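Reading through the structure tokens given below for one structure.
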Amino acid sequence: MSAIYIMWLRELKRYVRSRAQIVASLGQPILYLVALGFGLGPVFQRAGQGNYVQFVAPGIIAMTVLFSSIFAGVGLLWDRQFGFLKETLVAPVPRIQIMLGRTLGAATVACIQGTLVAIVCLIAGFRPVHWTDVPLALGFMILIASLFASLGTAIGSVLQNIQGFQLIMNFLVMPIFFLSGALYPLSNLPTFLSVVTRLDPLAYGVDGLRTTLIGVSHFGLLVDAGVLVLGATALLLLGSRLFDRIQV
């Protein structure tokens, strides 16, 4: 049996068995959806932007996929701390297969959590403009998950302890989220902020989800897909190289 499939299945089983993780993964998105979606809804509507729940739901889904996939790095650190990683790396299989299996597993889990949050958004009143474009939205979820799962694996391969990962969360992951336009439109921003948002890969993921789900586009669907594919490929190559250098 391929090592890629074994590691992918292990990540999936670990998620399914952790009911607490499944419930916890819904807490933050629901908070954002309720507190912001309904709290800022009247303000957003008076500004002539329409229904804020419709606007923010794709951003909340993207946020869920981001946080879930980036935590693949945390899983790598836990495995290193408890010795499971060492047992895995000494196995007579190429490390690239182990890395790919872990990354694909983390991406799959992130897509599952994103789908659960999408269902919550539907319950809250969100409706896609064209249901036929929902498969395209799922494709963007997969691209976002693959990109940031690769980034999480790359970061986890370099760090030695979980305390260091908290710094990454505060100074990398949170800025990526807040600069992505998940909570606000990217149009009419100050020049500096507009340039920074264009450097944020999640901004293209959020824009892709908005385009496919509610028909609102900022960069364009082809640009969104192209940036995410290139970013995921580059980070996958970087992650595999860093993972191969881990000392047992």
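What follows draws every value from the coordinates through simple rules; no lab data is involved. What you see is a predicted model; the values in this text were computed from it and never measured. In this analysis, Cβ positions are derived from the backbone assuming ideal geometry, glycine residues included, and neighbour counts consider all displayed protein chains.
For this structure, a couple of remarks:
- Helices (runs of 4 or more DSSP H) wholly inside the range 165-224 containing at least 3 residues that are within 17 Å of Ile60 (Cα to Cα): 174-178, 201-214
- Complete set of residues in the range 91-142 that are free of Cβ contacts under 8 Å to residues at least 24 places away in the same chain and of a type in the set (Phe, Trp, Tyr): Trp131
- So Leu230, is it in a helix (DSSP H, G or I) and touching a residue at least 12 places away in the same chain (Cβ under 8 Å): no
- Subset of the range 182-192 (residues that are loosely packed, with under 14 Cβ neighbours inside 10 Å and in contact (Cβ under 8 Å) with a residue 12 or more places away in the chain): Ser187
- For the range 113-145, the candidate set comprises residues that are small (Gly, Ala, Ser) and over 12 Å from Gly208 (Cα atoms); within that set, the residue that is surrounded by the fewest Cβ atoms within 10 Å (Cβ to Cβ) is Gly125.
- When the range 146-177 is limited to residues that are more than 23 Å from Leu237 (Cα to Cα) and of a type in the set (A, V, I, L, M), the one that is surrounded by the fewest Cβ atoms within 10 Å (Cβ to Cβ) turns out to be Leu167.
- Where a residue in the range 29-41 is assigned to a helix (DSSP H, G or I) and its partner, wherever it lies, is hydroxyl-bearing (Ser, Thr, Tyr), with Cβ under 7 Å and at least six apart: Pro29/Thr64; Gly37/Tyr52; Gly41/Tyr52
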